[in-house]
1. Just to be sure I understand, how many residues within the stretch 131-173 are closer than 20 Å to residue 215 by Cβ and crowded, with 17+ Cβ neighbours inside 10 Å?
2. Before we move on, is residue 23 over 15 Å from residue 193 (Cβ atoms), part of a strand (DSSP E or B) and touching a residue at least 60 places away in the same chain (Cβ under 8 Å)?
3. Among the numbered criteria (1) modelled with pLDDT under 95; (2) assigned to a loop (DSSP other than H, G, I, E, B); (3) surrounded by 19 or more Cβ atoms within 10 Å (Cβ to Cβ), which single criterion is violated by residue 48?
4. I want to confirm something. Restricting to the stretch 16-35 and keeping residues that are under 11 Å from the mean Cα position of the chain (by Cα) and crowded, with 24+ Cβ neighbours inside 10 Å, which single residue is nearest to residue 167 (Cα to Cα)?
5. Identify all residues within the stretch 112-136 that are over 22 Å from residue 76 (Cβ atoms), touching a strand residue (DSSP E or B) at 6+ places or on another chain (Cβ under 6 Å) and part of a loop (DSSP other than H, G, I, E, B); write none if there are none.
6. Within the stretch 137-161, count every residue that is under 24 Å from residue 89 (Cβ atoms) and part of a loop (DSSP other than H, G, I, E, B).
7. On the basis of being part of a loop (DSSP other than H, G, I, E, B) and within 19 Å of residue 46 (Cα to Cα), does residue 77 make the cut?
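The values are calculated or read from the model by the stated rules, or taken from the named source; none is laboratory data. Owing to the predicted nature of the structure, the values given are computational and were not obtained by experimental measurement. Here the Cβ positions follow ideal geometry from the backbone for every residue, glycine too, while neighbour counts run over all protein chains shown.
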């Protein structure tokens with residue numbers, strides 16, 4: 001990984017999942033001092049927060065901040081409460097799934113934009129993807145283009161002609177390509193949590209959208225997924 005003594009800075013939105021871990025590794029490989037931002041937004045489990053701390057440490061983030069901003073007071077998503085859909089096909093679903101958190105990426109990017117200005121950072125990195133994803137409206141290229149316009153218009157850096165760039169390097173990659181990029185950069189995906197509904201021990205359910213997409217990606221790459229699941233524990237393959 002690149003040295004964190006560089007004067008080039010970026011804010012990286014870090015959820016603790018597979019995609020954001022890969023993005024952090026990519027930003028570090030580009031020579032950026034990465035200031036990782038994890039937002040505790042009221043999600044139903046905290047395993048991804050544990051994973052985010054591990055990923056930030058292992059991948060050499062310059063610093064890692066955890067911000068509590070409870071969006072669950074508004075409701076509107078099964079990531080807060082209710083039943084997470086299982087064993088559905090993300091590729092064939094027509095409607096936006098119940099796991100969508102209203103305006104989440106807009107809220108997250110707005111906060112990251114403020115911190116990036118304070119840091120005089122050149123970019124904000126996030127792990128959104130428009131290929132293997134659950135169909136969320138704030139993961140589309142046209143959404144990121146619109147938010148880039150916001151960053152250009154609404155910040156001091158932007159009006160001075162030094163805009164903070166919104167970078168989504170995974171946007172047009174499928175899950176297998178994302179995983180391969182991460183493996184090539186030394187990411188241990190055993191550090192990460194993708195599952196929307198892990199059990200009380202942090203083990204992935206294996207049946208939600210995130211688990212299905214992750215499993216298909218590892219199968220395509222031909223690599224074993226080191227994530228903890230009840231089945232892998234039974235088989236004696238659980239990781240600490």
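1. Residues that pass the stated criteria total 8.
2. It is false that residue 23 is over 15 Å from residue 193 (Cβ atoms), part of a strand (DSSP E or B) and touching a residue at least 60 places away in the same chain (Cβ under 8 Å).
3. (2)
4. Result: 23.
5. 121
6. Result for the stretch 137-161: 1.
7. yes
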